[in-house]
1. Take segment 15-33 and flag every residue that is under 8 Å from the mean Cα position of the chain (by Cα) and either of a type in the set (A, V, I, L, M) or not in a helix (DSSP H, G or I) (or both).
2. Looking at 47, 56, which one is at pLDDT below 95 and surrounded by 12 or more Cβ atoms within 10 Å (Cβ to Cβ)?
3. So which pairs qualify, if the first residue must be in segment 67-86 and without any contact (Cβ under 8 Å) to a residue 40 or more places away in the chain, the second must be surrounded by 11 or more Cβ atoms within 10 Å (Cβ to Cβ) and not β-branched (Val, Ile, Thr), the Cβ gap must be under 7 Å, and the two must be at least 6 apart or on different chains?
4. Filter segment 53-72 down to the residues that are assigned to a helix (DSSP H, G or I) and touching a strand residue (DSSP E or B) at 6+ places or on another chain (Cβ under 9 Å), then identify the one that is nearest to residue 10 (Cα to Cα).
5. For residue 76, state whether it is part of a helix (DSSP H, G or I) and over 24 Å from residue 10 (Cβ atoms).
6. Conditions first: (1) part of a loop (DSSP other than H, G, I, E, B); (2) under 17 Å from residue 66 (Cβ atoms); (3) polar (S, T, N, Q). Residue 46 passes all but one, so which condition is the exception?
7. Do you know which residues across segment 1-14 are loosely packed, with under 14 Cβ neighbours inside 10 Å and outside any strand (DSSP E or B)?
8. Of all residues in segment 1-32, which are under 16 Å from residue 73 (Cβ atoms) and charged (D, E, K, R)?
Amino acid sequence: MNVKILSKTDDETEVEIEGEDHTLMNVLKDALLRLDEVEAATYEMNPEQSGGQTEPVLYIKTEEGDPLDALEEATDEIQEDAAEFRDAFEDVIA
């Protein structure tokens, strides 16, 4: 997976995430929107047939703080959620 910062200001950023689809992008967007400092999080993905870009671009706008810090916090939250689910699932199948 390649991640490329397309644009960045103090409170906005656009990040291209190569090779990903709606599955990861929706998880990232949801985790970002749960953070108090995030004002907006969305992504754009155009299918190759439309003539647009083929890689998803994640947009983050923060009310305060660096949007890349928010992305890092969101990915930490995703990892914690996944670990919690894994533990609960292992309890069920044990």
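The values are calculated or read from the model by the stated rules, or taken from the named source; none is laboratory data. Values in this document were obtained by computation on a predicted structure and should not be read as measured data. Here the Cβ is made from the backbone with ideal geometry for all residues, glycine too, and neighbour counts use every protein chain on show.
1. If the condition is that a residue be under 8 Å from the mean Cα position of the chain (by Cα) and either of a type in the set (A, V, I, L, M) or not in a helix (DSSP H, G or I) (or both), then 24, 25, 27, 28, 31, 32 are the ones that fit.
2. On the way: 47 fails: surrounded by 12 or more Cβ atoms within 10 Å (Cβ to Cβ).
Residue meeting the stated conditions: 56.
3. Partner pairs satisfying both residue conditions: 70/32; 70/35; 70/37; 73/35.
4. Let us first name the residues in segment 53-72 that are assigned to a helix (DSSP H, G or I), namely 67-72.
Still in the running and touching a strand residue (DSSP E or B) at 6+ places or on another chain (Cβ under 9 Å): 67-71.
Working: 67: 8, 68: 10, 69: 11, 70: 12, 71: 14 Å.
The extreme case among them is 67.
5. Working: part of a helix (DSSP H, G or I): yes; over 24 Å from residue 10 (Cβ atoms): no.
Criteria not met by residue 76.
6. It fails just one condition, (2).
7. Start the filter on segment 1-14 by keeping residues that are loosely packed, with under 14 Cβ neighbours inside 10 Å, which leaves 1-7, 9-10.
1, 2, 9, 10, listed by residue number.
8. 11, 29, 30
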